[in-house]
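What follows is one structure encoded as structure tokens, with my remarks underneath.
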Amino acid sequence: MKKFISAFLAAVVFIAVLSSFSSCEKNEEKEYFDANFIAMDTAVTVRLARNSGKKDGRKIIYFDDAYLNEIKQNCADIAKEIEASLSRTIDGSIVSYINKETDCVLDIDGDFISLLNESFELSENTGGAFNITLGTLTELWNITGDTHRVPSAEEISDALSHTGNDKITVGASDVKKSDRKLKIDLGAIGKGYALEKITEYLESTDVLYGLVSFGGNVSVFGSKEIKGTKDEESQKYKIGITDPLDTSKVVGYVYIDSGYVSVSGDYERYFEENGIRYHHIFDPETGYPADSGLSSVAVICSDASTADALSTALFVMGYEKALDFYKSEKYDFEAVFTKKDGTTLLTSGLSESGMFEEYVEEPAEPANTD
């Protein structure tokens, strides 16, 4: 029997986002404007503060829906434009041109080149745990497609022979391949990249604060001053990290007032065959879904692309190697690790800062025996 969880459904339950900001009183304007759209096969939520930061006498002025809907549409357009460039399945994307059996692709825009260079730097610094040259392997497994299956060892070996950073060269505006069958896959960094561009745009608007949830990636921007209180926690967002063993629950909450959270897990996109779950995060060395003892990794970082890529890389590494990588201080981040047995572990900076609150299920009410 096979079971497949779609990318869209996984995104809906993947990360719960809550806000500890206080609600407005009854009959006042709602504090937030929530908008939703689909991009990169993922549900995206944009939550924007209605408060304009201005007053008409003693009355607060709120943005109207027309203005906020325009901002929402601009966010959707940014995501659509990036998807049209980064997607390996959309004809005419830059990635699709690179993935053709060709030696060289010319006249590539600077933003895409920068993302490729960032990706290769991340790959080098993570010892290859993050790897964008696995496109041939990704297509072979076809985890998110209708014809997913477990490939043979020979097929996997052949696919791996067409991977490797040493087989691709990035120039100022061109990409060259020494292996015509090599294909790139930006799935493990693309959503983070899109999220960062959307957040940068939102920071340029008049919206004072808010958040964006892009599948397993969340951004928080702006700030809200709460007068008459010294409780700093009330100004932070409370982001729930999904429990990979029971996606209707959370393992705990991360409190942040800025930056990004990215989560990668074996429950996002997968299929089951003969009682075995085959998920979408591949080990670049074996060609099989990574079996590192982890079920999910959440990374908190000031850079969205880095957070997205590191959540995948740390998942592939496993807890011990990931902790060594954290201690190397190559990147400034914190992380929440959930093992397959349900154990939750934190990096030291997260545990010492009090930014993480473990979820504790309240005991059930005793039965009434009267």
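Here residue 127 clears all of (1) surrounded by fewer than 16 Cβ atoms within 10 Å (Cβ to Cβ); (2) of a type outside the set (A, V, I, L, M, F, W, C); (3) over 21 Å from residue 305 (Cα atoms) except the condition numbered (3). One residue is enough: does the range 288-295 have a residue meeting the conditions closer than 19 Å to residue 193 by Cβ and either among the charged types (D, E, K, R) or touching a residue at least 24 places away in the same chain (Cβ under 8 Å) (or both)? No, the range 288-295 has no match at all. Among the residues of the range 90-100, is any under 19 Å from the mean Cα position of the chain (by Cα), surrounded by fewer than 19 Cβ atoms within 10 Å (Cβ to Cβ) and without any contact (Cβ under 8 Å) to a residue 12 or more places away in the chain? No, there is no match, as no residue in the range 90-100 is under 19 Å from the mean Cα position of the chain (by Cα), surrounded by fewer than 19 Cβ atoms within 10 Å (Cβ to Cβ) and without any contact (Cβ under 8 Å) to a residue 12 or more places away in the chain. When the helices (runs of 4 or more DSSP H) confined to the range 66-155 are screened for residues that are within 13 Å of residue 170 (Cβ to Cβ), those reaching at least 1 such residues are found at 94-98, 110-125. Considered as a group, the residues in the range 46-86 that are touching a residue at least 60 places away in the same chain (Cβ under 8 Å) and within 19 Å of the chain's Cα centre (by Cα) include one that is nearest to residue 135 (Cα to Cα), and that residue is 86. Take residue 326 and decide whether it is over 24 Å from residue 276 (Cβ atoms), at pLDDT 95 or above, of a type in the set (Ser, Thr, Tyr) and assigned to a loop (DSSP other than H, G, I, E, B). No. Note on the range 355-367: among residues that are in contact with a strand residue (DSSP E or B) (Cβ under 8 Å, 6 or more places away or on another chain) and part of a loop (DSSP other than H, G, I, E, B), the one that is modelled with the lowest pLDDT is 359.
Listed by first and then second residue, the pairs with beta-carbon distance under 9 Å, at least 6 apart or on different chains, first residue in the range 108-125 and under 17 Å from residue 97 (Cα atoms), second part of a helix (DSSP H, G or I) and charged (D, E, K, R), are 111/197. Residue count for the range 56-73, restricted to those that are of a type in the set (Lys, Arg) and at pLDDT 95 or above: 1. Of all residues in the range 62-75, those satisfying the criterion of being under 17 Å from residue 210 (Cβ atoms) and surrounded by fewer than 18 Cβ atoms within 10 Å (Cβ to Cβ) are 64, 65, 67, 69, 70, 73, 74.
Is there a residue in the range 202-218 that is in contact with a Pro (Cβ under 8 Å, 6 or more places away or on another chain), in contact (Cβ under 8 Å) with a residue 12 or more places away in the chain and either of a type outside the set (Phe, Trp, Tyr) or outside any strand (DSSP E or B) (or both)? Taking every residue of the range 202-218 in turn, none turns out to be in contact with a Pro (Cβ under 8 Å, 6 or more places away or on another chain), in contact (Cβ under 8 Å) with a residue 12 or more places away in the chain and either of a type outside the set (Phe, Trp, Tyr) or outside any strand (DSSP E or B) (or both). Taking the criterion of being over 25 Å from residue 245 (Cβ atoms) and surrounded by fewer than 21 Cβ atoms within 10 Å (Cβ to Cβ), the residues of the range 294-349 that qualify are 302, 303, 324, 327, 328, 329, 330, 331, 332, 349. Within the range 293-305, one or more residues are of a type outside the set (Ser, Thr, Tyr), part of a helix (DSSP H, G or I) and within 28 Å of residue 119 (Cβ to Cβ).
The values are calculated or read from the model by the stated rules, or taken from the named source; none is laboratory data. Quick caveat, the model's predicted, so the values are computed rather than measured. Cβ: placed from backbone, ideal geometry, glycine included. Neighbour counts: every protein chain shown.
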